[in-house]
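Step one of this worksheet: look at the structure below.
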Amino acid sequence: WIKGESWESTEFKSSGDFPVFDYQGSLADQLARFKASDILVRGGGMANTSAHGFRFSWANKPLLKNIQFRSCRHCVDAEYTIDISMDYVFAEGQSTDQNHTGLFLGEIDEVTYGTVDNTQILSNISFRQMDYAGVRVEGSTGMKATNVACLNGDYGWYFGEPPLGANARLIRFLHLTNCFSDTNNLFGWRFAKGASAKIRDLKMNSCWAGS
């Protein structure tokens, strides 16, 4: 468990094109129940394509709570990660502090790995002043999101268009409550199945799309 005093006083940072926190596992070797809280995470600059805050590949129930992000490519990058929980997460910044994408969820290769999941529990999150997107989803098999705000950037929420097409598990089981987007350059909400068969099992309640 990585626990700071507060996000105002405890900072972790990288100085180059690599994640601040990185776990690259496998189907047989998964990170279990990692926790991080009460810290500020500063990446190596959003222009660096691997300068993420947290990158998880094959993790089980990681928890991120009371965390701020600056200067990250993806504040959180997750693939093949079961029930990642994010609560009271805040990301914003301008100039060198700006983030590219708040949460990025990678596609799921069902042909190679069989029936595997990438699921999320999100609450009380604000992604502001993103360069590209607040939440970018190429692969999710279950999302429960409550009180998540995505402001600025090209997209607020962007689901779909993974390049694997028929080889990918469908994006499905999305439950979004009191979530919103506002002041986006292109789309507040974009759903585009791309080469996949469909995006399905979506429920939105009291959600908002602004200008």
State the Kirkwood hydrodynamic radius of the chain in Å, one decimal place, computed from all pairs of distinct Cα atoms. 16.8 Å
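Return the carbon/sulfur percentage of the accessible area of the chain, one whole number, probe 1.4 Å, all protein chains in place. Please report the intermediate quantities before stating the final value.
Details: 4430 of 9260 Å².
The value for the chain is 48 percent carbon and sulfur by accessible area.
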Might you tell me the accessible area per residue for the chain, computed with a 1.4 Å probe and given in Å²? 44 Å²
How far apart, in nm, are the 7 Å Cα→Cβ label points at W208 and N60? 4.0 nm
Amide H to amide H, which residues 5 or more places from A168 or on other chains are under 5 Å from it, using H placed in the peptide plane? E110
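Can you give me the Kirkwood hydrodynamic radius for the range 122-207, using every pair of distinct Cα atoms, in Å to one decimal? Mind dumping the intermediate values first?
Details: mean 1/r = 0.0773 Å⁻¹.
Final number for the Kirkwood radius of the range 122-207 is 12.9 Å.
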Reachable lysines from K193, Cα under 30 Å, same-chain residues fewer than 8 places away excluded? K61, K144, K203
Ranked by how many other beta carbons lie within 10 Å on average, peptides 73-80, 136-143 from highest: 73-80, 136-143
Across the range 187-192, in residue order, what do the Karplus-derived ³J(HN,Hα) couplings come to in whole Hz, using 6.51 cos²θ - 1.76 cosθ + 1.60 with θ = phi - 60° and x for Gly and Pro? 9, x, 10, 10, 10, 9
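Ignoring everything except DSSP H segments at least 4 long, calculate the 222 nm mean residue ellipticity for the chain; use -39,500 (n - 2.57) per segment, divide by total residues, nearest 500.
Calculated at 222 nm, the ellipticity per residue is -500 deg cm²/dmol.
The values are calculated or read from the model by the stated rules, or taken from the named source; none is laboratory data. Note that the coordinates shown come from a computational prediction; the quantities given were computed from them, not determined experimentally. Counting neighbours? That spans all protein chains shown, and the Cβs are built from the backbone with ideal geometry, glycine included. Keep in mind that these areas ignore ligands, DNA and RNA; they rest on the heavy atoms of the full protein, side chains included. Shrake-Rupley method; radii C 1.70, N 1.55, O 1.52, S 1.80 Å.
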